[in-house]
Amino acid sequence: MKKKIVSALLTATMVCGMCVVPTVGVAAADDTITVGFSQVGAESDWRTANTESMKSTFSEENGYNLIFDDAQQKQENQLTAIRNFIQQEVDYIVLAPVTETGWDTVLQEAKDAGIPVIIVDRMVDVSDDSLYTAWVGSNFKLEGQKAMAWLDAYLEAKGRGDEEINLVDIQGTIGASAQIGRTQGFDDAVEAHDNWTTLAQQSGEFTQAKGQEVMESILKQSGDDIDVVYCENDNEAFGAIDAIEAAGYEVGGEEGQILVMSFDTTNAGLTDTLSGKITLDTECNPLHGPRVQEIIEKLEAGEEVDKQAYVDEEMFAADDTVTSIKVDDADYEVTTITQDIIDGRAY
């Protein structure tokens, strides 16, 4: 699989008269696996943790040469990076795509070059699934379904099940898998409740600044009517909370306050959950490095790998009003956040 093998074979021996003298150090160099990683960018705390997981896993100490590229949230930068990886004859390409579509041509180029492509986090929508080797990440639709099932159970427990509930959805980057799945979970739940209404649905682009900007605009139009703000990641939630409090409203789970929901469970997100500013934070695990390494090790050993692998994820609430929820006949535990839980997490 490694592109260095041919050149190594050409230089592996030195002929001196009738004897063959092995060249020193060739085997060690050939054992290094080169991985090209195209990352979306650094738009959130989650993304930073995801990048660190990849960098710490694919280190020289672990036998890897990592070529890292930050796409700065631009797909055209990722297309360029992948073509550069192909030119550099890397052993594996790892892609965290900005959006789902637009990958067929460049992934075909990688396939033609014989380079396996592993997709992480967001999914790609391609005409031929053989264009990538494996995908590892979160079930974003299920994350949204779990969060909205919790909201339903929470309002029932608070005696508000029959109230008119007005919701705001601050979406992620439009077209990203996390946005598509979490928005679908939100939309399906609102549609299933006659007394739930979506007041606004706008993209916060998964950033704190845009989340605040969007929330400020929505508050000017509908501030007094908002019951729930569903933020599709923690950084949007931080921005939304800043806007809500600056406008003179309170955040929290009690009636009369604006209930803020989020995704990611970063350290800062869970800290806001502990303080009650975020009432529910649904996990999206960013530590994909070891999972990708496991896939590469299996491929190196000639073993088959799963085409898709979902990671297990938890839910953390500010209080114990709801301790478990059900989605499609499956039960999911809801954990009341504590400082010990925050201190014991890796991100």
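A few comments on the model shown:
- So Lys277, is it modelled with pLDDT of 95 or more and loosely packed, with under 15 Cβ neighbours inside 10 Å: no
- Every listed requirement among (1) buried (at least 21 other Cβ atoms within 10 Å of the Cβ); (2) in a helix (DSSP H, G or I) is met by Leu299 save one, (1).
- Residues that are at pLDDT 95 or above and under 30 Å from Thr101 (Cβ atoms) within the stretch 150-173 comprise Leu167, Val168, Asp169, Ile170, Gln171, Gly172, listed in sequence order.
- Residues being part of a helix (DSSP H, G or I) and farther than 19 Å from Val251 by Cβ - total across the stretch 183-224: 9
- Among the residues of the stretch 166-202, those identified as surrounded by fewer than 21 Cβ atoms within 10 Å (Cβ to Cβ) and either of a type in the set (S, T, N, Q) or not assigned by TED's automatic domain parsing to the domain that holds Gln145 (or both) are Asn166, Gln184, Asn195, Thr197, Thr198, Gln201, Gln202.
- Looking across Val260, Val292, Val305, one residue alone is part of a strand (DSSP E or B) and β-branched (Val, Ile, Thr). It is Val260.
- For the stretch 1-78, no helices (runs of 4 or more DSSP H) sit wholly inside it while including 3 or more residues that are modelled with pLDDT under 50 and surrounded by 14 or more Cβ atoms within 10 Å (Cβ to Cβ).
- In the stretch 75-86, the residues that are in contact (Cβ under 8 Å) with a residue 12 or more places away in the chain and assigned by TED's automatic domain parsing to the domain that holds Ala113 form Cβ pairs under 7 Å with partners that are small (Gly, Ala, Ser) and surrounded by fewer than 17 Cβ atoms within 10 Å (Cβ to Cβ), at six or more places apart or across chains, as follows: Ile86/Ala113.
- The residue list Gln39, Gln88 contains one member that is polar (S, T, N, Q) and over 24 Å from Ala346 (Cα atoms), which is Gln88.
- Listed by first and then second residue, the pairs with beta-carbon distance under 7 Å, at least 6 apart or on different chains, first residue in the stretch 224-240 and of a type in the set (A, V, I, L, M), second crowded, with 24+ Cβ neighbours inside 10 Å and at pLDDT below 95, form an empty list.
- Residue within the stretch 310-327 that is in contact (Cβ under 8 Å) with a residue 60 or more places away in the chain and more than 30 Å from Lys158 (Cα to Cα) present: yes
- Considering only residues in the stretch 224-256 that are under 14 Å from Gly276 (Cα atoms) and modelled with pLDDT under 95, the one that is surrounded by the fewest Cβ atoms within 10 Å (Cβ to Cβ) turns out to be Glu254.
- Among residues of the stretch 179-201 that are farther than 21 Å from Asp225 by Cα, those with a beta-carbon under 6 Å from a residue that is surrounded by fewer than 19 Cβ atoms within 10 Å (Cβ to Cβ) and at pLDDT 95 or above at least six positions away or on a different chain give the pairs Gly181/Lys141; Gln184/Lys141; Gly185/Lys141.
The values are calculated or read from the model by the stated rules, or taken from the named source; none is laboratory data. Because the structure is a prediction, the values reported are computed rather than measured. Note: ideal-geometry Cβ built from the backbone for every residue, glycine included; neighbour counts use all protein chains shown.
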